[in-house]
Each structure stands twice: as C-alpha cells, then as structure tokens.
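In what follows, a structure is listed as structure tokens, so that the remarks can point back to it.
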Amino acid sequence: MTNSRLTPALLCGAFFLLLFTHQTTRAEELVVKLPPASLAQWYKPQNKRQVWLHTMFSLRRSMQALEEYVERGEPQRLAKWADDFATAYERLGEMVPEWRDELELEWSGRMRQAAVQGDMEGVRHALGKVRTSCRSCHNEYRTVTSILYRGPDFGAITIANGANEGLSHKELMAAMSRAVNQVKIFHEDQQPQRASEAGKELQRLLTLAADSCAQCHQESESRARIFSAASDRYQSDLLDGIAAQDGKQVDGNLGKIGAFICARCHTIHRPLAEFRAMLTKRAQR
C-alpha cells in the first residue's frame, strides 16, 4: 500500500490518538455529546434502508439545486426543490423528536414560499438561515454518529473454528499475535519444529481472518485488498524460511505479514472500532 493510500487512514488514527492524549502539564478532557438514542432506528442494523443517510443526501441535493438555480437566475425551477427540501427537513423532527426544536422550520417555510413567488433573494436568505441549523448539528454530532452507526463492530463477528467451535474476533486477533511471536521466539531459539508449527497455525488463523471479512464485505475485491496472492506468498515464504532456518527470510516475511496484512487492516479499522466501542459503552450506561 502506498503512502498516499495510507495517509487518510493514518490521519484518522492520529486524530483519535490525539483526542485521548494527556498533556504533560495538565490533563485535558474532551466532552463528547452522544446523539439521541432514537436516531439508532434509522441506521443499520435496525433499519435496512439507512433512512437517515438518504434523508441527508436528499437535503444536500435540494440545497445544491436551490443554490444552482439562484446563481443561474432561473426562479421557475426553485419551487420543486424548495418543496423537496422542506418535506425532508420537516421529517427530521418526526424521526428524532429530541431535535425538533433545533430545526429552523419557520425559515424552511419562508424559503418554500419565496421559491413559489420566484423571490430568489428570499430563497438565498432563508437558505442561509436553515444551513446554520444544519452546520450546528453536524459540528456536534456528525462525527460521533458516523462512528457509532457506520463504524465497524467486530464484537458482532464470530469466526468458525472447527465443527463445534467458534472464535470471537478478539480471540482470533489474540491467537494470531501469539502465533507471530511463537514463530519469532522458537526460530531465534533454534527450535525449527515448534517454529514451523507456529507458522502453520498463523497461516490457518490468517485464512480464518480472511474468511471473516465476508461477514461485512460482500464483494471479493475488498478481501483481496489485504488477503491477496502476495499475502499468500509471504506466508508460504515464511514457512520455507523456517524450514531452511534462514533468519533473514523469516524476519523479512514476518515483517511483510505485519505490514501488509495486519497493519493495513488495523490502520483502516482499529481506531474507529475501538472508539466506537468506547462510545457504545458510554451510551449504554
């Protein structure tokens, strides 16, 4: 993975790390506001259609259409989009009653009226007032809501590990970490048989991890970004290096497995998953 592809995910991880870093001079506290519990019903898994997201998309599209036609001086096209916006905007208060008082319903109504009258300046002014309420809510809740309802939940994943046995995702990660270190320990201590057994166990666990991706990623392309032909080669070369007692080959392929399999997945998913778990625990108090 190139640096350019890693950068957004690394920045995300760094962002959350900074949130919880204590300064040497004094402890800093971050106050995180959780969205109302009623919002959960409009996101997966409670809602298959992701109604809240689609309502947001509709609002954004309507606002852009109004801006476009005001700028282009085409008042005859405003009424339709003002009506679409007002309908979706009013629905927000019905979906999450706790936020109804935060909505600028009066200005939404004025915008609809101005659009019907072809009053472009009136539409522009009302749109600015409504946008303020959107921005205020987004500033307080959008990031936290995205993490809570769109972030990965590895606690819900169970990995098949034999006919009558299953592993939690946490158990699978711990087992892989143990296998990696066993390879290193037994190889350094010149115990090739044990190192080989640990390498084969790591290979088996990585296969389980790859299969578990399908529980969230339905398309094979997502799995192949991390568990590719190259990653299979690293595992095979690791076993060959253990058999040949080639320290350079063993260390090199352990490094590749760590960097191109483990770290890639961790960089993308781990910061969000851990922060989501913290928020969920806090919300359930």
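Nothing in this text is a laboratory measurement; each read-out follows from the coordinates by a stated rule. Being a predicted model, the structure only gives us computed values, none of them experimental. Here Cβ is always computed from backbone atoms with ideal geometry, including for glycine, and neighbour counts include all displayed protein chains.
A few points about this structure:
- Length-normalised contact order of the stretch 154-283 in % [C-alpha pairs under 8 Å, at least 6 apart]: 20
- Computed on the Cα trace of the chain, the radius of gyration divided by the Kirkwood hydrodynamic radius gives Rg/Rh = 1.13.
- Normalising by residue count, the stretch 37-150 has a Cα convex hull of 93 Å³ per residue.
- Summary value for the chain: 17 percent relative contact order, contacts being C-alpha pairs under 8 angstrom separated by 6+ residues.
- P(r) tail, the stretch 105-176: Cα-Cα pairs separated by more than 20 Å, 60% of all pairs.
- Distance between modelled label sites at GLU121 and SER220, nm, 7 Å Cα→Cβ extension: 6.2
- Pairs of C-alpha atoms in the stretch 163-285 farther apart than 23 Å represent 37 percent of all such pairs.
- Straight-distance crosslink candidates among lysines, where the alpha carbon sits under 24 Å from LYS170 and sequence neighbours closer than 8 are dropped: LYS44, LYS184, LYS200, LYS256, LYS281
- Between the stretch 33-105 and the stretch 117-145, the Cα center-to-center distance that results, in Å: 10
- The stretch between SER58 and ASP189 holds 40.9 nm of extra length on full extension. This uses 0.36 nm per residue minus the Cα-Cα distance.
- Taking other C-beta atoms within 10 angstrom as a stand-in for reagent exposure, ILE159, ILE185 fall in the order ILE185, ILE159, fewest first.
- Residue among TYR89, TYR69, TYR234 with the largest mean-square fluctuation in a Gaussian network model of the chain, springs linking Cα atoms under 10 Å: TYR69
- Scanning the chain for GluC sites (Glu not before Pro) in DSSP loops with at most 16 neighbouring Cβ atoms within 10 Å leaves 30-164 as the longest stretch between them.
- Dividing the summed -39500 (n - 2.57) terms of all DSSP H runs of n ≥ 4 by the residue count of the chain sets its mean residue ellipticity at 222 nm at -22000 deg cm²/dmol.
- Value of relative contact order over the stretch 37-150, rounded to a whole percent, pairs C-alpha under 8 Å and six or more apart: 24
- Ordered by the count of other Cβ atoms within 10 Å of each Cβ, fewest first, HIS54, HIS169, HIS187, HIS269 give HIS54, HIS269, HIS169, HIS187.
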